[in-house]
1. Which FRET efficiency value, to the nearest 0.05, is calculated for residue 153 and residue 106 with the Förster distance at 25 angstrom and r the Cβ-Cβ distance?
2. Just subtract the alpha-carbon distance of residue 3 and residue 143 from 0.36 nm times their residue separation and send over the number in nm, one decimal.
3. Residue 51 to residue 76: FRET efficiency via 1/(1 + (r/R0)^6), r the Cβ-Cβ distance, R0 22 Å, to the nearest 0.05?
4. Using per-residue counts of other Cβ atoms within 10 Å, averaged over each peptide, order 96-109, 39-52, 64-77 from highest down.
5. Roughly how many nanometres apart are two label points built 7 Å out from the Cα toward the Cβ at residue 136 and residue 84?
6. How far is it, in nm, from the label point at residue 11 to the one at residue 40 when both lie 7 Å from their Cα along the line to the Cβ?
Ligand SMILES: [Zn+2]
């Protein structure tokens with residue numbers, strides 16, 4: 001997976017501007033395009049071995065928000081990433097992390113992103129593996145996300 005330092009500002013490519021008002025085949029804006037209406041995002045949870053990350057107890061409210069965001073993933077892909085912090089003798093044999101969300105849904109992590117907003121309305125995006133990182137590897141998301149809320153759908 002690509003590493004990004006927490007808080008890295010990413011801007012929508014001008015080549016993707018055309019997506020802003022794109023409609024799907026049913027004439028509706030897809031959740032992906034609705035999410036992409038944000039002009040910029042900050043990154044969190046794009047972790048890779050070899051790069052230090054903040055650790056600590058995640059505020060319970062933030063974990064709940066991240067789990068709710070995991071129920072509505074964005075940028076779903078067909079590929080999957082496994083956790084490279086979990087021990088395994090071969091990359092291809094690493095298990096795909098699973099997580100049961102607050103709603104009772106079991107998520108197979110590693111093929112989508114999740115998005116939340118901070119108190120200023122800034123969108124933050126993380127791989128859905130962030131849920132595994134928080135629970136199993138004590139990753140602590142940035143303080144700006146302590147009172148994060150779900151991005152509008
Ligand atoms: Zn892991």
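1. Efficiency, from the Cβ-Cβ distance: 0.75.
2. Working it through step by step, the gained length comes to 48.5 nm.
3. For R0 = 22 Å, the calculated efficiency reads 0.30.
4. 64-77, 39-52, 96-109
5. Between residue 136 and residue 84, the simple spin-label model gives 1.5 nm.
6. 0.8
A short reminder: the numbers here are calculations on the coordinates, not readings from a lab. Quick caveat, the model's predicted, so the values are computed rather than measured. Backbone-built Cβ (ideal geometry, glycine too); neighbour counts: all protein chains shown.
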